[in-house]
Each structure stands twice: as structure tokens, then as C-alpha cells.
Amino acid sequence: MKDMLIPFGLLLFLVFFVYAMIHTARKQRKAKTNAFRDFADRNGLQYQEEDDGNAQRFAKDFDGIGQFNSPSLGKIIPNDVVEGMLNGAATILFRHRVRFSEGWAREWFVAGITSDETIAERCTVQFCKGSADKDAFYLQDPIVKELNIGPFLMVVRAEGASFPGKTLDVSVLKKLADLAGRLPFRPEIQIRQNRLVVYLADRNSTIEGTETIENLFEFTRNVVRKLEL
């Protein structure tokens, strides 16, 4: 009898463990969805549970977040898309999962703004806490500038010196570092002409609630303002 109880108990443990993991994952996914939905409701923006194509068109040429196909998963469509005009800015926010390879996936929490004028031709600004943070394999462009400002090693990536626009100016980088230092998460910026996106930089960062979405958008809007001056 004892010989039967041990494997039965192990089986029950495994069943409850799997159930707990599924339940927790669903609860976390619902919390993320509610954060985006609440942000849309509070600001009079449109919300879609699944992208109708606008998020994909907006993000198609951004490194990492612009990937919408996977060898194992096929087509990957962004979720929790929020769109509209907010404080005079054409705004889009969304959640997107990408699997780069088997066993290596990440979730992106993105805020984007489309400006009326070109901000920079093409560049990325990283807010690194150390040299290891520079090595984001999804970023395609080489480093054209790096310097220590406050708590960050600021890194600018671009195809050439003419592409990053004002993000090469030390005074501008200091302002961006100051803004980033007030956040409870580490951001990353990418720019493609008049489109700018900001997302949570660390792979394991997640949305804790509507406040995280609000901080993400506010930072995005302030970055655009600094670069448009």
C-alpha cells in the first residue's frame, strides 16, 4: 500500500503544480490586459485585445519588437493595443511576445508616438547599468557614442554619425538620463524618422499595473519633447 501512495502523492503534486502555474500565468496575463485597458479608458483612447494591423505597421522596422513571425509559432500578433491622440500626440501602446529561438523569448511592453516632423533618421538609445546591458543581440546598429551619465552608461547606436540626430548631443543625453533615472524600470528608446518607441529594456521586466503604463507613456512623451526642441 505504501508503495502505491508514494507515486500517487507525487502525481497529485505534479497535477497541482501544473494547475498553479497555469492559474498564475492566466492571472498575470489578465492583470497586464487590465492595465492597458484601464489606461485606454482613463485617457479616452481606443483599446483592442488583438492588433488589427496598426501596431504591426507602426513597429515593422524597429529592432526586436518589429518581429511578427516565429519558426515555431508562425504569425505572432501584438495584444492589448491602445491607440489615439493623447495630449496632442498620436499615440500607440501595445504588448507583444517574440520568440527569437527555442528557449529564448521575451515580452515587450511598448509605447510609441508619431511626431509631425523627423526626430532622427534611425537610432537606439540604451540606458545601461553596466557594460553587459549593451549586448542586446536584437539591436542591429553599431555603437556610435557611449558615456557615463549619472547611474547610466548611455549608449547610442546608429548606422552612422548622421543618423542619430540630437541623441548624440551630451546635453540631450543628460536630460534623457535624468528622465530615465526617475523611472522604476530601465527604458530603451528606438527612433525611425518621425516614429519613436520606448519599452521596458530588461527581459524580465513586467507591467505591475496602470501606473507602469502611465510612467512608460509619460517618459515617451517627454523624450519626444526633448528631441523636438
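The numbers here are math on the coordinates, done by the rules we state, and not lab data. Keep in mind that this is a model prediction, so the values were computed, not measured. Neighbour counts are summed over all protein chains in view; Cβ atoms, including those assigned to glycine, are modelled from backbone coordinates with ideal geometry.
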Discussion item. Given the condition part of a strand (DSSP E or B), out of contact with any strand residue (DSSP E or B) (no Cβ under 9 Å at 6 or more places or on another chain) and on the phi < 0 side of the Ramachandran plot, answer yes or no: does some residue in segment 35-52 qualify?
Written reply: no
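Output the residues belonging to segment 113-131 that are outside any loop (DSSP other than H, G, I, E, B) and either within 17 Å of Gly165 (Cβ to Cβ) or of a type in the set (S, T, N, Q) (or both).
Here is the first cut: in segment 113-131, the ones outside any loop (DSSP other than H, G, I, E, B) are 113-114, 120-128, 131.
Once the filter is applied, which keeps residues that are outside any loop (DSSP other than H, G, I, E, B) and either within 17 Å of Gly165 (Cβ to Cβ) or of a type in the set (S, T, N, Q) (or both), segment 113-131 yields Ile113, Thr114, Ala120, Glu121, Arg122, Cys123, Thr124, Val125, Gln126, Ser131.
What number of residues within segment 167-210 are under 19 Å from Phe62 (Cα atoms) and in contact with a strand residue (DSSP E or B) (Cβ under 7 Å, 6 or more places away or on another chain)? Give the derivation first.
At the first step, the residues of segment 167-210 found to be under 19 Å from Phe62 (Cα atoms) are 167, 186-203.
From the residues that got through so far, the ones that are in contact with a strand residue (DSSP E or B) (Cβ under 7 Å, 6 or more places away or on another chain) too are 167, 186-201, 203.
Total meeting the criteria: 18.
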Worksheet, complete the sentence: Reported set for segment 45-80 where residues are crowded, with 22+ Cβ neighbours inside 10 Å and closer than 14 Å to Phe217 by Cβ is Asp80
Worksheet item: Taking segment 132-190, which residues are assigned to a helix (DSSP H, G or I) and either farther than 18 Å from Ala120 by Cβ or touching a residue at least 60 places away in the same chain (Cβ under 8 Å) (or both)?
Response: Ala132, Asp133, Lys134, Gly165, Lys166, Thr167, Asp178
Item to complete: Would you mind finding the one in Asn43, Asn69 that is without any contact (Cβ under 8 Å) to a residue 24 or more places away in the chain and either among the basic types (Lys, Arg) or out of contact with any Cys (no Cβ under 9 Å at 6 or more places or on another chain) (or both)?
Response: Asn69
Worksheet item: What is the residue count in segment 130-150 for residues that are farther than 30 Å from Phe68 by Cβ and touching a Lys or Arg at 6+ places or on another chain (Cβ under 7 Å)?
Response: 1
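Quick check, is Ser205 buried (at least 18 other Cβ atoms within 10 Å of the Cβ), of a type outside the set (A, V, I, L, M, F, W, C) and outside any helix (DSSP H, G or I)? Walk me through how you get there before you give the answer.
Numbers: buried (at least 18 other Cβ atoms within 10 Å of the Cβ): yes; of a type outside the set (A, V, I, L, M, F, W, C): yes; outside any helix (DSSP H, G or I): yes.
Yes: the conditions hold for Ser205.
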